[in-house]
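A.B. asks: There's a structure below that I have some questions on.
The values are calculated or read from the model by the stated rules, or taken from the named source; none is laboratory data. What you are looking at is a predicted structure, and each value in this text was computed from that prediction instead of being measured. Don't worry about glycine lacking a Cβ; one is built from the backbone with ideal geometry, like all the others, and counts go over all protein chains shown. The area values use the complete protein model at the heavy-atom level, side chains included, leaving out ligands, DNA and RNA. Shrake-Rupley method; radii C 1.70, N 1.55, O 1.52, S 1.80 Å.
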Amino acid sequence: MNTAARLSLYGLGLVAVFGVAAALSGALAPEGIATEWTTSQKETDMQQHSTAGAHADVTDDPGHGGHASAGTAHLGGLTISDGGYTLDAIAAPASTGEQGVLTFRIVDEHGRAVTSYETEHDKELHLIVVRTDGTQFRHVHPERDADGVWSIAWSWDAAGSYRVYADFTASGSDAVTLSRIVQVAGDHAPVDPQPSRLAQADGYEAALSGDLVAGEASELTVSVSRDGEEVTGLEPYLGAYGHLVALRQGDLGYAHVHPEGDAPQASETAGPDVSFAASVPTPGRYLLYFDFQVEGVVHSVPFVVDTTR
Ligand SMILES: [Cu+2]
């Protein structure tokens, strides 16, 4: 059996275990699986209480990642359920140092797993995982089986509380970003992110320029270099020459960012500059994560930026 098939079977196994455990509600969580039943009902209650007016002021922007629009403080990505879709329980390793699988489903209003998606930015679903202090960022693309179960091999590098976002467009619907909190057992020392516009990863340096202004589309440019030389071999990744995620510090709301310029052809390269338009609704500090690809390898660098107003 190949690895993908094994992984997907393992994913189904986890879901099956989860289903049984959920049915026994109050029973101990199966060992090795991070579960959320202690908080999920509370989240559901809060969701129901806040549903009445939560979207009253929103001009929906169906673009990739969230619903920020000028003049409102609303950001996407902060709810398990929106637009008729729900991010169902997430199963994942319970603690660090454990190799396992992260798996979940997106379900519709009738509780049925969604099995038909639109492709956005080259993928049906983008999974963003970040510890709530802004560290440990990952942007990955799980595999989906025919039953609508998404899964990806997973282990945690550090303990703590994580927000897991699923950014997707179900066929015939608008884009939506849903999230859940997942707890990873163990001691951890939270980081207080400080403004930073320079970052390194895997021998590359990245510098962020441009002012971030609340309430309007702000042009931000990332310049990539290596050993002091400009990198001009940035390859198309997710339909652009890089991908930028922006999260609001404080609630980790998911801001809308889109690449500027035409979508690249598969064989084209660019660099060292990649520009984006970022829309953040409120003044404050934002956590930015830039993913780029060179020679077939994806690298990720973090920035921390305060709005200028
Ligand atoms: Cu993605």
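A.B. asks: Consider D251 carefully, then state whether it is buried (at least 17 other Cβ atoms within 10 Å of the Cβ), of a type in the set (D, E, K, R) and either assigned to a loop (DSSP other than H, G, I, E, B) or at pLDDT 95 or above (or both).
C.D. replies: no
A.B. asks: Related question: Among the residues in the range 80-89, are any more than 30 Å from A214 (Cα to Cα) and either at pLDDT 95 or above or not assigned by TED's automatic domain parsing to the domain that holds L238 (or both)?
C.D. replies: Yes, there is a match, as at least one residue in the range 80-89 is more than 30 Å from A214 (Cα to Cα) and either at pLDDT 95 or above or not assigned by TED's automatic domain parsing to the domain that holds L238 (or both).
A.B. asks: Here's something else I'd like to know. R180: of a type in the set (D, E, K, R), farther than 26 Å from P264 by Cα, surrounded by 19 or more Cβ atoms within 10 Å (Cβ to Cβ) and modelled with pLDDT of 95 or more, yes or no?
C.D. replies: yes
A.B. asks: Sticking with this structure for a sec: For the range 155-174, which residues satisfy the criterion of being hydrophobic (A, V, I, L, M, F, W, C) and open to solvent by less than 10 Å² (accessible area, probe 1.4 Å)?
C.D. replies: Hits for the range 155-174 are W156, A159, V164, A166, F168, A170.
A.B. asks: Can you name the number of the only condition in (1) modelled with pLDDT of 95 or more; (2) open to solvent by 50 Å² or more (accessible area, probe 1.4 Å) that Q41 fails?
C.D. replies: With (1) modelled with pLDDT of 95 or more; (2) open to solvent by 50 Å² or more (accessible area, probe 1.4 Å) applied to Q41, the lone miss is (1).
A.B. asks: Let me ask something else about it. Go through the range 228-252 and give me each residue that's on the phi < 0 side of the Ramachandran plot, touching a residue at least 24 places away in the same chain (Cβ under 8 Å) and more than 16 Å from the ligand (Cβ to nearest atom).
C.D. replies: Within the range 228-252, E230, V231, T232, G233, L234, R248, Q249, D251 qualify.
A.B. asks: Please find, among A278, A270, A266, the residue that is open to solvent by 30 Å² or more (accessible area, probe 1.4 Å), in contact (Cβ under 8 Å) with a residue 12 or more places away in the chain, away from the ligand (no atom under 16 Å from the Cβ) and aliphatic (A, V, I, L, M).
C.D. replies: The conditions single out A266.
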